[in-house]
Structure formats: C-alpha cells, structure tokens
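Structure, as structure tokens:
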Amino acid sequence: MMDQFLEIKALHPGEILLFRMGDFYETFFDDARTVSRALGITLTSRSRSREDGEEIPLAGFPYHALDGYLSRLIRAGYRVAICEQTEDPSKATGLVRREVIEVITPGTLVSGSALDERRTILLSSAFVLEGRGGLAFCDISTGEIDATETAAELLTSELARREPSELLLAEGSGIQPPAGCEATFLEKWKFDGAAAVSAAESVLGVSTPEGLGASSDSPALSAMGALLAYVRDTKRMDVSHLCFTGMYRREDSMIIDRGSARALAITDAPDGEESAVLASATDCTVTAAGSREWRKWLAAPSRRMETIFGRYEAVSWLMEERDVLKRLRRMLEGVADLQRQAGKLGTLRSGPRDLRAVADTLSTLPGFRAIMGGSKSDLLREMAEVDTMQGTASRIDSVLSEEPPVKLGEGASIRKGVSPELDEYREIRSGGHDWIRSRRDEERERTGIPNLSIGSNKVFGYYIEVSKSHLDRVPEDYIRKQTLVNAERFITPQLKEMESRIFRAGDEIERLEREIFEELRSEVAEELAGIRDAGRMLARLDVLVSLAGMALDRGYVRPALSDLPGIEINEGRHPVLERLLPQGECVPNSIRLDQGRRILIVTGPNMAGKSTYLRQAALLVVMAQAGSFVPAACMRFSPVDRIFTRIGSSDRLTRGQSTFLVEMAEAAALLNSSTPESLAILDEVGRGTSTYDGLSLAWAMLEYLHDSAEHRPLVLFATHYHELTALGNLLPAAANVNVKVMDTGGKVVFLYRIEEGSTDESYGIHVASMAGVPPRVVRRARKVLADLEAGRHLMPGGGGEDQLELALEPEKPGDDPIVEKLRGIDPDELTPRRALEILYELRDGLE
C-alpha cells in the first residue's frame with residue numbers, strides 16, 4: 001500500500017494527498033506533518049516494517065468530515081489532491097485500486113463549506129503578448145467564464161478589481177498577483193494560441209477564435225486556453241458545463257480600482273471596519289445568488305444609460321405594485337441557487353436532494369413568468385422569456401421521492417413504481433424487518449426472557465442479546481457469538497438466513513437506486529444551459545425586488561439621468577451611516593457639481609464630517625449607477641466612467657512604499673487617466689510631507705485638473721490647507737464649501753452641515769482636548785499657535801524677537817491658579833449659592 005501511495009504522491013508533489021483507506025482519509029510523511037499542524041489533529045506514526053523499525057508519520061480524519069477539513073486547508077492556501085478507492089474493496093483481488101479523482105485549489109472550488117454562498121470565487125489566468133494583456137476569469141461553482149483584452153500595464157489593476165482567488169501565470173511571468181490571491185505557474189506552452197483553440201473546442205465546443213470574439217493571436221485567447229486546460233486537469237472529469245459568457249470591455253462599466261473600492265468600503269473594508277461596507281448595508285436580497293449579483297452590480301456599475309434606466313423602471317413598477325412585490329419576495333425565499341446547482345450538475349456532484357431542489361425551483365418558474373410578463377417594465381418582460389423547463393421538472397419529480405436524502409444510500413431516493421425490481425427488493429427488506437420484530441416476540445414467549453432483544457452491527461450482523469441474569473433460560477439451539485459485561489449475544493440458523501436475505505436486498509436496493517439516479521442526473525445535466533439561465537434570471541429578479549423593498553422601507557428616491565457630466569444631490573444621506581446611527585441622527589447634505597462648478601474645495605474642523613461628505617457623494621453615485629434608488633430628496637447625475645480616490649493612509653511596507661509615495665502614485669493615476677466623465681475624491685492630499693511641499697503639490701494638482709482639456713474630472717477636495725480656498729475665487733470652475741460648526745465661547749459644536757464658502761479654522765487643538773490630551777500640552781499648543789499666527793517662528797538658534805521658545809514651561813508647584821483657588825476654599829463654610837458661583841468661576845478659568 002505504501003508503494004501505491006508513493007507512486008501516486010510522486011505525480012502530485014505540490015499537493016497534500018488525501019489517501020482514502022476505508023472510512024478514513026490518511027496522510028503520510030510531510031503531508032501528515034502539514035495536515036496535523038494546519039488542522040490541529042494528532043500526528044501519529046506506524047512502523048514501515050518489523051525489520052528496520054522506521055516510523056512513518058501519519059495523520060487522518062473520517063471521510064464524512066472531509067468538507068470541513070478541506071475548507072480549512074484551502075483557506076490556509078494549500079492545494080489538495082483527493083485520492084479515492086475506485087473499486088469495491090469486497091470485489092478487489094489484492095490491493096484496492098486508488099486514483100486521484102480531483103485536485104482542489106483556491107480557485108477551483110465547486111461546492112462545500114469553503115465556498116461562501118454569498119461571494120463569488122474566481123479562477124483567473126493572465127498572459128502578455130507584444131504589449132497587450134489578456135485575462136480570463138472562471139467561476140467554477142457556476143461554470144461561467146468571461147475574458148478581456150487590455151493594455152499590458154492595466155493587467156494588474158484589472159486583476160485587483162476582479163479579486164480572483166487564484167491566478168494562473170506562465171513560468172517566468174513578471175505579473176504581480178493581487179493581495180490575497182494564490183499564484184500558480186504553468187509551462188509556457190500551455191498559453192500557446194493553438195493549444196488554446198484546441199482547449200476551447202474540446203471544452204466549449206467553439207472551433208474558431210472568432211466564435212469567442214477574439215483573434216487567433218489574442219492574449220485573452222491564450223489566457224483562456226490555459227485556464228480551460230487547468231480546470232480539466234484539476235477536476236479530472238467532464239467539464240462541459242463551462243460556459244463562455246463573452247468578451248467584456250473595462251470601459252463598459254464604471255472602473256473602481258481595488259484601492260478605491262476598499263477606501264469607499266463598497267464590497268469589503270479594511271479589518272475592523274466590516275460594519276461600514278455598502279454591499280452589506282444595502283443587501284436586502286433573500287437568496288445567495290441574488291446577494292452575489294448585487295455585489296457584482298456594485299463592484300462594476302454599468303455605464304449604459306439604457307441598462308440603468310431599465311433597472312429604474314423595473315424598481316419603480318415593483319414599488320407601485322406592492323402586492324406583487326410581496327408575492328415575488330415570498331416566492332423567491334423558497335428557490336434554490338440554480339447557478340451553483342448547474343455547476344454541481346456539470347461536474348456530476350449533485351445528490352438526490354440537490355436534484356429535488358432543482359425540480360422544486362423549476363416548478364415555480366411559470367408563476368414568476370406570469371407575473372413578470374404582465375409588467376410595464378421592459379426589463380422584467382424580457383427576463384420573463386426564460387425557458388421554464390417544466391419537462392425537466394416533471395422528469396425529476398417522477399423519479400425522485402418527495403424528501404430524498406442528501407446522499408445516496410442514506411434513505412429512499414427513488415419513488416415507488418419507478419422500478420419493479422427495486423420495489424421487490426424493498427418489500428423483501430421491509431418483510432425481513434417485520435420478520436425480525438415478530439421473531440423477537442416469539443423468542444420472548446418461547447424462552448420466557450422478557451428483555452430479550454434482537455439487534456445488529458457491521459461486525460456480527462443480526463444477533464439475539466440476553467442479559468446475564470437470564471442466561472439460565474437460553475435454549476440449546478442458541479449459538480454463543482459474543483460476551484459483554486452485562487449480557488451475552490447469540491445467533492440462530494434461522495436468524496442468519498433472514499439476515500442474508502435482508503443484506504442482499506439492501507445491496508441490490510443501493511445498486512439499483514444508484515443506477516437510476518445517475519441516469520436521471522445525466523439527463524438533467526443535458527439541460528444545464530437552461531438551468532443556468534433560469535438561475536441568472538432569479539438572481540437578477542431578487543436584486544430588483546430587494547431594491548424596490550429597500551426604497552419603500554427607507555424612503556429612497558429615483559435618480560434622474562443626465563447627458564451632461566455632473567452630479568446634483570439634494571439632502572443626500574450617507575447610506576451606511578444612516579443604518580448604523582439612531583434614526584434621525586444622520587445629517588443630510590447637498591452637493592452640486594457641473595461644468596461650471598467642477599471642483600469643490602471642502603474645508604472645516606477635524607471630526608466635523610468632511611471625509612463622510614466626500615464618501616457619501618461617491619457611494620450615492622455608485623448606488624445610482626448600479627440601478628438603485630438613493631437616500632436623498634432628489635438626485636440627478638450623469639454616468640461616471642471611473643472613480644479615483646485618495647483617502648486615508650496606506651503604507652505598503654512590504655513593497656517599500658511609504659504613505660506619501662502611495663498617495664502620489666494614486667494622484668498620478670488621477671492626473672494621467674481621468675476624463676471629464678470621472679469623479680475624484682481627494683481627502684487631505686499632501687499631508688504626508690512638509691507643509692509647504694504638500695500645499696504646493698495640492699495647489700498645482702487642482703490647477704492642473706481645472707485647466708486640462710483632457711483630464712478634467714468632477715472633484716471633491718477636502719483639505720486643512722486653508723490657503724487653497726483662494727483657488728475657489730481664482731479658478732472659474734472651482735468653489736468653496738465648508739462644514740458648519742458653532743463656536744460658543746471656546747466650546748465647539750459640530751453641526752455636520754455643509755454650507756457655501758470657506759473657513760480658516762480647523763479647531764485641531766480643541767479636538768486634541770476632546771481626545772484626552774493633557775491640559776498642559778493643550779495650553780502649550782495654544783501658546784505656540786498664537787506665536788505662529790503672530791509671525792514668530794520655531795527655528796532654533798539665532799535669538800531675536802521673532803524667536804519662539806521651544807521648551808514646555810516647567811511644572812511648578814502652585815503655578816496653576818485654579819489649583820490655588822481650590823486650595824483656598826473651606827467647603828464647610830460654603831453656602832450652596834456660593835459653591836455654584838465658584839463652580840462657574842472655575843469653568844470660566846478653564847476656558
């Protein structure tokens with residue numbers, strides 16, 4: 001057996017080999033050490049032979065626990081090869097034949113707990129040819145593949161935007177995989193164009209590159225060919241369920257790069273900020289497929305006005321027809337994830353309960369079709385044209401039982417009447433069980449043993465158990481089989497004869513059910529494309545229904561579309577903060593950006609809400625362009641081609657990039673790539689360097705974005721460089737707005753309201769005091785600020801009247817007038833009125 005293991009392991013050196021032995025998966029040698037460490041299971045050992053006594057490390061787990069352990073290994077970044085027994089051990093002569101039936105990697109998950117039902121797991125492939133880059137993406141769980149071709153320098157950003165779990169690269173490739181993505185290197189010939197055409201023909205049934213929308217020398221075709229071959233090699237089974245959905249262009253949707261998406265927390269957020277994710281706060285879907293679809297819409301909002309308008313029309317109609325909306329939502333709550341069921345069908349992984357779920361969901365399609373077909377929405381009527389596949393539903397229903405088990409062999413999967421032979425064996429087994437129960441009663445009466453019982457196990461089969469207190473009553477025809485602490489077990493010839501009949505019937509039932517089910521599954525798998533299309537329709541419908549329900553529940557309004565670049569939001573509310581804060585505490589604000597007012601310079605104190613205002617504007621644009629109504633009194637906008645952001649600090653220490661370098665790289669992307677249809681969100685640009693350097697850079701950037709004929713996006717620019725507010729008067733298309741505060745004699749109240757005009761006060765020292773900075777430091781800061789504002793400088797040496805003292809004042813006993821005043825008070829002699837007066841005096845002294 002170890003020779004067999006080593007032979008198979010030699011073919012899979014880079015994977016953990018899970019070696020099936022009976023009811024366990026075992027690992028050996030280095031694999032065992034890795035599995036023991038990663039899963040926290042015991043590492044044991046066995047001797048290779050009695051002669052040399054060499055120990056073999058060993059670690060394993062029961063076969064039924066595979067799903068849970070496999071998910072942990074994949075999440076830890078390991079590749080796993082599943083080696084199964086491929087023949088019946090009872091019929092094997094000598095060693096049982098074993099083969100690797102599947103290799104599982106981070107990007108090739110089809111099912112199981114490692115596959116988050118509400119997130120898309122992508123396998124990707126990238127290739128560069130003569131300055132052009134090609135990318136292919138595959139969701140194995142649904143079988144959907146798409147691809148794109150772009151400039152080589154844009155590959156990395158597009159990969160980061162799509163967030164694949166695994167990236168296939170040619171050996172020697174210099175392409176950098178995005179964070180959190182496993183890189184797998186393949187021989188370069190696997191990216192050859194001829195090999196790609198061959199793979200596309202064998203897997204997708206497309207014999208020419210033109211059939212895929214690509215040329216024969218397209219790097220996207222090469223990337224797709226390598227991906228198809230890799231899936232075929234790792235799955236070790238028919239992968240004809242894979243479906244090419246087409247070539248896409250980055251320009252067809254709003255581009256939100258990975259950094260911007262995380263900064264705005266659109267579909268995910270940095271650790272510790274998960275509650276701020278837009279996708280989660282606005283996800284009112286009732287199905288896993290709908291949740292994944294909504295995330296796709298948010299991650300890449302369409303730029304096509306007809307697409308956005310069509311979604312608005314559908315949501316509007318659903319809002320008007322509230323009874324229909326409620327009915328659709330109830331119907332959707334019971335549907336299965338047909339897209340992922342299609343993936344399981346295509347890889348022949350579907351169990352009896354999976355097919356029952358498919359049939360039950362298909363049976364609901366006529367109801368959906370009738371409702372949507374009568375809609376005033378063109379989009380809903382178009383979606384209603386999906387094939388309802390009632391023939392497939394009826395076929396499944398005619399074969400499968402009403403409540404089949406998850407796996408074959410765990411219960412009755414096939415209906416009565418489907419197979420006379422199967423029904424006959426069931427009667428034999430059922431009659432045998434009745435005979436066993438009757439025999440028990442007869443034996444109790446014959447022997448006079450009241451607690452005599454008949455049981456069974458895998459070792460001895462059926463047996464008669466008698467407690468030791470009644471052993472003197474055991475008849476002579478009982479044959480002793482096993483002795484327990486408190487009982488004896490016996491068999492009889494009649495009992496063993498019936499056992500043989502029952503077990504033989506059980507084996508035949510299992511064989512026949514498997515044959516019938518596998519034939520049914522193969523039939524249903526031929527309807528894969530229709531099942532997948534129906535699943536896609538249900539996912540889209542779930543999103544539209546959820547958007548309508550959310551708009552009604554939260555008071556969202558329909559945005560208006562404009563042909564001219566611009567954004568106008570009246571009394572807009574932050575869509576995430578509104579859900580997190582108590583009702584009524586989210587302060588609404590308005591914004592107006594158009595061709596005569598393309599740049600807004602936002603000033604105001606720390607903590608007053610400048611960053612929130614910037615994010616709110618971007619998030620409402622993303623929601624509106626994705627097809628959602630928005631939290632506002634009204635909104636008008638033109639579709640945005642790209643969102644640029646510079647928000648927060650993001651050192652990339654592992655790449656040797658400081659916060660300021662990252663900031664300038666992001667600013668460079670804006671300055672070099674933006675268009676009049678772009679939106680730029682810039683928060684505190686220039687703060688990562690000296691004041692004058694930062695101010696100069698920020699000033700020059702704003703002038704460039706204002707004056708450039710090509711790179712002239714809509715800009716929201718928050719800053720503490722109050723000198724920049726001069727640009728609001730100098731540049732015709734720039735304006736100043738500020739966050740309003742109320743200053744009441746040294747105390748500042750944040751109102752979180754945006755008003756026109758600039759401010760020259762940041763209240764930073766006040767915020768420091770609020771944060772708990774020691775009073776001595778706060779007082780010193782106020783003095784330094786006063787000196788700086790008076791023109792005195794901080795440069796050491798040289799003396800002069802404009803020299804500012806650098807050292808903090810030494811702490812001296814009795815130098816604090818408030819402390820001295822408190823020491824001079826005798827509390828026992830104070831009247832209540834005088835105590836209150838002193839309290840006011842002390843407060844005034846602090847101010």
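The values are calculated or read from the model by the stated rules, or taken from the named source; none is laboratory data. Every value quoted in this text rests on a predicted model; they were computed, and no experiment measured them. Here the Cβ positions follow ideal geometry from the backbone for every residue, glycine too, while neighbour counts run over all protein chains shown. With ligands, DNA and RNA removed, areas are computed over all heavy atoms of the protein, side chains included. Shrake-Rupley method; radii C 1.70, N 1.55, O 1.52, S 1.80 Å.
Out of 724, 670, I need the residue that is at pLDDT 85 or above, touching a Lys or Arg at 6+ places or on another chain (Cβ under 8 Å) and open to solvent by less than 10 Å² (accessible area, probe 1.4 Å). Which one? Give the steps one after another, and end with the answer.
Values: 724 fails: touching a Lys or Arg at 6+ places or on another chain (Cβ under 8 Å).
Going through 724, 670 in turn, just one is at pLDDT 85 or above, touching a Lys or Arg at 6+ places or on another chain (Cβ under 8 Å) and open to solvent by less than 10 Å² (accessible area, probe 1.4 Å): 670.
Is at least one residue of the stretch 293-300 modelled with pLDDT of 85 or more and farther than 20 Å from residue 146 by Cβ?
Within the stretch 293-300, the first condition is being modelled with pLDDT of 85 or more, and the residues that meet it are 293-300.
With the extra rule that they be farther than 20 Å from residue 146 by Cβ, the set shrinks to none.
The answer is no, given that none of the residues of the stretch 293-300 is modelled with pLDDT of 85 or more and farther than 20 Å from residue 146 by Cβ.
How many residues does the stretch 765-786 hold that are more than 19 Å from residue 607 (Cβ to Cβ) and β-branched (Val, Ile, Thr)? Before the answer, list the steps.
As a first pass, look at the stretch 765-786 and keep what is more than 19 Å from residue 607 (Cβ to Cβ): 774-776, 779-780, 783-784, 786.
Okay, now just the ones that are also β-branched (Val, Ile, Thr), so 784.
Going through the stretch 765-786 one residue at a time, the tally reaches 1.
Can you tell me how many residues in the stretch 432-453 are closer than 28 Å to residue 401 by Cβ and either among the charged types (D, E, K, R) or surrounded by 15 or more Cβ atoms within 10 Å (Cβ to Cβ) (or both)?
First, pick out the residues of the stretch 432-453 that are closer than 28 Å to residue 401 by Cβ: 432-438.
Next cut, either among the charged types (D, E, K, R) or surrounded by 15 or more Cβ atoms within 10 Å (Cβ to Cβ) (or both) only: 432, 434-437.
Qualifying residue count, the stretch 432-453: 5.
Under 6 Å between Cβ atoms, which residue pairs at least 6 apart in sequence (or on different chains) link something in the stretch 553-579 that is in contact (Cβ under 8 Å) with a residue 24 or more places away in the chain and within 22 Å of residue 305 (Cβ to Cβ) with a partner that is among the basic types (Lys, Arg) and open to solvent by 40 Å² or more (accessible area, probe 1.4 Å)?
Close Cβ pairs satisfying both conditions: 560/636; 562/636; 568/592; 568/636.
What are the residues in the stretch 371-387 that are surrounded by fewer than 20 Cβ atoms within 10 Å (Cβ to Cβ) and in contact (Cβ under 8 Å) with a residue 24 or more places away in the chain, if any? Before the answer, list the steps.
Just the residues of the stretch 371-387 that are surrounded by fewer than 20 Cβ atoms within 10 Å (Cβ to Cβ), to begin with: 371, 373-376, 378, 381-382, 385-387.
371, 375, 376, 378, 386, 387 - these are the residues of the stretch 371-387 that are surrounded by fewer than 20 Cβ atoms within 10 Å (Cβ to Cβ) and in contact (Cβ under 8 Å) with a residue 24 or more places away in the chain.
Looking at residue 281, is it over 26 Å from residue 544 (Cβ atoms) and touching an Asp or Glu at 6+ places or on another chain (Cβ under 9 Å)? Quick ask: steps written out before the conclusion?
On the way: over 26 Å from residue 544 (Cβ atoms): no; touching an Asp or Glu at 6+ places or on another chain (Cβ under 9 Å): yes.
No; evaluated as a whole, the condition is false for this residue.
What about residue 34, is it of a type in the set (Val, Ile, Thr) and either under 27 Å from residue 231 (Cα atoms) or crowded, with 17+ Cβ neighbours inside 10 Å (or both)?
Working: of a type in the set (Val, Ile, Thr): yes; either under 27 Å from residue 231 (Cα atoms) or crowded, with 17+ Cβ neighbours inside 10 Å (or both): yes.
Here the answer is yes, as residue 34 does meet what is asked.
Would you confirm whether any residue within the stretch 10-21 is out of contact with any Lys or Arg (no Cβ under 7 Å at 6 or more places or on another chain), within 21 Å of residue 409 (Cβ to Cβ) and either surrounded by fewer than 12 Cβ atoms within 10 Å (Cβ to Cβ) or modelled with pLDDT under 90 (or both)?
Looking through the stretch 10-21, at least one residue is out of contact with any Lys or Arg (no Cβ under 7 Å at 6 or more places or on another chain), within 21 Å of residue 409 (Cβ to Cβ) and either surrounded by fewer than 12 Cβ atoms within 10 Å (Cβ to Cβ) or modelled with pLDDT under 90 (or both).
Take the residues in the stretch 467-483 that are outside any helix (DSSP H, G or I) and either in contact (Cβ under 8 Å) with a residue 12 or more places away in the chain or of a type in the set (Phe, Trp, Tyr) (or both); name whichever of them is most open to solvent (accessible area, probe 1.4 Å). Talk me through it step by step, then tell me what you get.
Narrowing the stretch 467-483 to residues outside any helix (DSSP H, G or I): 467, 474-483.
Remaining after also requiring either in contact (Cβ under 8 Å) with a residue 12 or more places away in the chain or of a type in the set (Phe, Trp, Tyr) (or both): 467, 474-475, 477-479, 481-482.
Numbers: 467: 28, 474: 35, 475: 27, 477: 65, 478: 18, 479: 85, 481: 102, 482: 50 Å².
Among those residues, the one meeting the criterion is 481.
Would you confirm, using the coordinates I've provided, whether residue 563 is of a type in the set (D, E, K, R) and part of a helix (DSSP H, G or I)?
Values: of a type in the set (D, E, K, R): yes; part of a helix (DSSP H, G or I): no.
Spelling it out, it is not the case that residue 563 is of a type in the set (D, E, K, R) and part of a helix (DSSP H, G or I).
Name the residue that is most open to solvent (accessible area, probe 1.4 Å), counting only residues in the stretch 582-616 that are over 17 Å from residue 715 (Cβ atoms) and of a type in the set (A, V, I, L, M, F, W, C).
Taking the candidates together, the pick is 607.
Among the numbered criteria (1) without any contact (Cβ under 8 Å) to a residue 40 or more places away in the chain; (2) closer than 22 Å to residue 217 by Cβ; (3) in contact with a helix residue (DSSP H, G or I) (Cβ under 9 Å, 6 or more places away or on another chain); (4) open to solvent by 50 Å² or more (accessible area, probe 1.4 Å), which single criterion is violated by residue 187?
(3)
Could you go through the stretch 383-395 and let me know if any residue there is touching a Lys or Arg at 6+ places or on another chain (Cβ under 8 Å) and β-branched (Val, Ile, Thr).
Yes, because at least one residue in the stretch 383-395 is touching a Lys or Arg at 6+ places or on another chain (Cβ under 8 Å) and β-branched (Val, Ile, Thr).
For residue 526, only one of the following conditions fails: (1) open to solvent by less than 60 Å² (accessible area, probe 1.4 Å); (2) more than 30 Å from residue 433 (Cα to Cα). What is its number?
Looking at each condition in turn, residue 526 falls short on (1).
Scan the stretch 113-170 for residues that are surrounded by 21 or more Cβ atoms within 10 Å (Cβ to Cβ), assigned to a strand (DSSP E or B) and among the acidic types (Asp, Glu) and jot them down.
139, 144, 149, 166
Hey, can you tell me all the residues within the stretch 57-77 that are under 14 Å from residue 27 (Cα atoms), in contact with a helix residue (DSSP H, G or I) (Cβ under 7 Å, 6 or more places away or on another chain) and either open to solvent by 70 Å² or more (accessible area, probe 1.4 Å) or not in a helix (DSSP H, G or I) (or both)?
Pass one, the stretch 57-77, residues under 14 Å from residue 27 (Cα atoms): 57-63, 66, 69-70, 73.
Going one step further and asking which of them are in contact with a helix residue (DSSP H, G or I) (Cβ under 7 Å, 6 or more places away or on another chain), we end up with 57-59, 61, 69, 73.
Within the stretch 57-77, 57, 58, 59, 61 qualify.
Select from the stretch 703-717 the residues that are touching a Lys or Arg at 6+ places or on another chain (Cβ under 9 Å), buried (at least 24 other Cβ atoms within 10 Å of the Cβ) and not in a loop (DSSP other than H, G, I, E, B) and list them in ascending order. Reasoning before the result, please.
Our first condition is that a residue be touching a Lys or Arg at 6+ places or on another chain (Cβ under 9 Å); within the stretch 703-717, this holds for 705-706, 712-715.
From the residues that got through so far, the ones that are buried (at least 24 other Cβ atoms within 10 Å of the Cβ) too are 705, 713-715.
The answer is 705, 714, 715.
Could we say that residue 543 is modelled with pLDDT of 95 or more and either part of a loop (DSSP other than H, G, I, E, B) or buried (at least 21 other Cβ atoms within 10 Å of the Cβ) (or both) here? It would help to see each step written out before you state the result.
Working: modelled with pLDDT of 95 or more: yes; either part of a loop (DSSP other than H, G, I, E, B) or buried (at least 21 other Cβ atoms within 10 Å of the Cβ) (or both): yes.
In short, yes.
Taking the stretch 322-370 as the region of interest, how many residues are buried (at least 17 other Cβ atoms within 10 Å of the Cβ) and more than 21 Å from residue 529 (Cα to Cα)?
The qualifying residues number 5.
Among the residues of the stretch 823-832, is there at least one that is at pLDDT 70 or above and surrounded by 11 or more Cβ atoms within 10 Å (Cβ to Cβ)?
First, pick out the residues of the stretch 823-832 that are at pLDDT 70 or above: 823-832.
With surrounded by 11 or more Cβ atoms within 10 Å (Cβ to Cβ) added as a condition, the list becomes 825, 830.
So far as the stretch 823-832 goes, yes, one or more of its residues are at pLDDT 70 or above and surrounded by 11 or more Cβ atoms within 10 Å (Cβ to Cβ).
In this structure, does residue 508 turn out to be under 52 Å from the mean Cα position of the chain (by Cα), open to solvent by less than 70 Å² (accessible area, probe 1.4 Å), at negative phi and charged (D, E, K, R)? Full working, then the answer.
Values: under 52 Å from the mean Cα position of the chain (by Cα): yes; open to solvent by less than 70 Å² (accessible area, probe 1.4 Å): yes; at negative phi: yes; charged (D, E, K, R): yes.
Yes.
Please list, ordered by first then second residue, the pairs with beta carbon atoms under 7 Å, 6 or more apart or interchain, first in the stretch 191-203 and in a helix (DSSP H, G or I), second open to solvent by 30 Å² or more (accessible area, probe 1.4 Å).
Within 7 Å, the pairs are 193/216; 193/217; 195/189; 200/206; 201/207; 203/232; 203/240.
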